[in-house]
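The values are calculated or read from the model by the stated rules, or taken from the named source; none is laboratory data. Here the structure is a predicted model, which is why all the values come from computation and not from measurement. Methodologically, a virtual Cβ is constructed for each residue, glycine included, from the backbone with ideal geometry; neighbour enumeration extends over all protein chains shown. The accessibility values were calculated without ligands, DNA or RNA, using every heavy atom of the protein model including side chains. Shrake-Rupley method; radii C 1.70, N 1.55, O 1.52, S 1.80 Å.
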Amino acid sequence: MEEIQIEPVAYKLDLSPEQMLKIIFEYTAKIANEKKLETVLVLMANLGREMVVADRCTVWLIDAARNELFTVVALDAGEIRIPYGSGLVGNAISTGQPIFIDDAYEDPRHNPDHDKLTGYRTRSIMTIPFRNNQGEVIGAYQAINKLTEKQSFSAMDMEYLSLAAAYSGKSLESTMLHAEIIETQKEIILAMGYIGEGRSKETGNHVKRVAQYSYILAIGLGMSESEADMLRSASPMHDIGKVAIPDAILQKPGKLTPEEYEQMKEHATIGYRLLRKSKRQLLQAAAIVAWQHHEKWDGTGYPQGLVGESIHIYGRITALADVFDALSSSRVYKEAWSLERILALVNEERGRHFDPRVVDVFLEQLPSILEVKELYKDLLETE
């Protein structure tokens, strides 16, 4: 009878002190430079996994609003959510106490459903809660299946993961605070955009549409997701300078006189001056948009008469987004232009009013732009 050869298990070794320091410095540097919560969660999970030589490691956070726990396993895999207090990780978070077991199937708190679904065999588990600067538990590390020959986590592993947890609690609080600040800035910018438009003849949905059009054009031009999102958040402030323009001019039903038109044009410079001193990147972008969205590719725009690529790309994008929305929207004082008429004008103004590249992307992305127009259409258009 032929003897069956069994492949030896490729066990790993625990990290040496030098290797441990290298891992810690490598990941803490990456985490310190990252502001996106999902990315930070993945980096922290990878840090913990390498520190304790585990097969898997996840970082769970509390979503108090939904009474849930959530984690990000991989950046392209989305979130996993479970009810608060459920499972081993829920127990560790709700009690604030670490959990340290050698065989998950001998612990009634372990839910084996995921193992059954995937064929994975969970054995050793170590779960360490972590706290914010106020000492409140905000989440937990969970390491699964030790990869060394012993196959179970040690007291030293718990110390290492506790070290990672202590660092993670403070870093995640900072990341979440940064994200909260950004979201607050976006809300303020959108609200101020509504105020600027509300004093003129536009509707609130105008700023939403221009924001979405700007995002679509930015992505089409090859901008990163983060920069395109920043432009989307900044563009609602394009007409914020109108807060300083008299109502008699903003709400005049007829054509403006040359003097009134010159005064109206001042809103671009006023908007820039309102925003330019901020050190926040988002508000700096909004300042550029406010200042340059009326500039024209051929240099006949205002307030500076900039030409071609001397106009910031944010201004060039918002210029087309703003004009398209103004022409395609009905107002009490005018009918919306037909799409054919608008496209004829956009093509005519390619290389004159508008950056040719932006026009090309606009035409390529027209189906997506029209979807946004329908999604955020004004009540006036449906009556």
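Rolling a 1.4 Å probe over the heavy atoms of the protein chains gives segment 255-383 an accessible area of 54 Å² per residue. Calculated on the alpha-carbon coordinates, the convex hull of segment 14-56 measures out at 45 cubic angstrom per residue. Available extension along the chain between residue 26 and residue 339 is 107.3 nm, counting 0.36 nm per residue and deducting the alpha carbon span.
Share of Cα-Cα pairs in segment 296-383 beyond 17 Å, in percent?
On the way: 1902 of 3828 pairs.
In whole percent, the long-distance tail amounts to 50.
Distances between placed amide hydrogens fall under 5 Å for residue 299 paired with 308, all partners being 5 or more residues away or on another chain. With the simple model of a label 7 Å out from the Cα in the direction of the Cβ, residue 155 to residue 35 spans 4.4 nm. Residue 56 contributes about 100 Å² of solvent-accessible surface, heavy atoms of the protein only, 1.4 Å probe. Computed 3J(HN,Hα) for segment 103-115, one whole-Hz value per residue from the Karplus formula 6.51 cos²θ - 1.76 cosθ + 1.60 where θ = phi - 60°, is 9, 4, 6, 8, 10, x, 6, 6, 9, x, 4, 5, 4, glycine and proline marked x. How much FRET efficiency would the formula 1/(1 + (r/R0)^6) give for residue 18 and residue 277, where r is the Cβ-Cβ distance and R0 is 41 Å, rounded to 0.05? It comes out at approximately 0.30.
The convex hull around the C-alpha trace of segment 28-85, projected and averaged over every direction, spans 4.6 square nanometres. About its Cα centre, the dipole of segment 252-383 is roughly 660 debye, where the only charges are +1 on Lys and Arg Cβ and -1 on Asp and Glu Cβ. The candidates 262, 26, 159, 149, arranged from most to least accessible area with a 1.4 Å probe in the full protein assembly, appear as 149, 159, 262, 26. Using every pair of distinct Cα positions in segment 229-339, the Kirkwood expression returns a hydrodynamic radius of 14.7 angstrom. Excluding same-chain neighbours fewer than eight residues apart, the lysines reachable from residue 265 by a Cα-Cα span under 22 Å are 201, 242, 252, 255, 277, 296, 334. Relative protection proxy for 118-128, 286-296, from highest mean packing down: 286-296, 118-128 (other beta-carbon atoms within 10 angstrom). Rounded to the nearest Hz, the phi-derived 3J(HN,Hα) couplings of segment 302-316 under the Karplus curve 6.51 cos²θ - 1.76 cosθ + 1.60 (θ = phi - 60°) are 9, x, 9, x, 5, 10, x, 6, 6, 7, 4, 4, 4, x, 5, where x marks glycine and proline. Taking the accessible area of segment 209-360, probe 1.4 Å, and keeping the other protein chains in place, the carbon and sulfur fraction comes to 51%.
Scalar couplings 3J(HN,Hα) for segment 356-367, obtained by applying the Karplus form with A = 6.51, B = -1.76, C = 1.60 to θ = phi - 60°, are x, 5, 5, 4, 4, 5, 4, 5, 5, 9, 3, x Hz; x denotes Gly and Pro.
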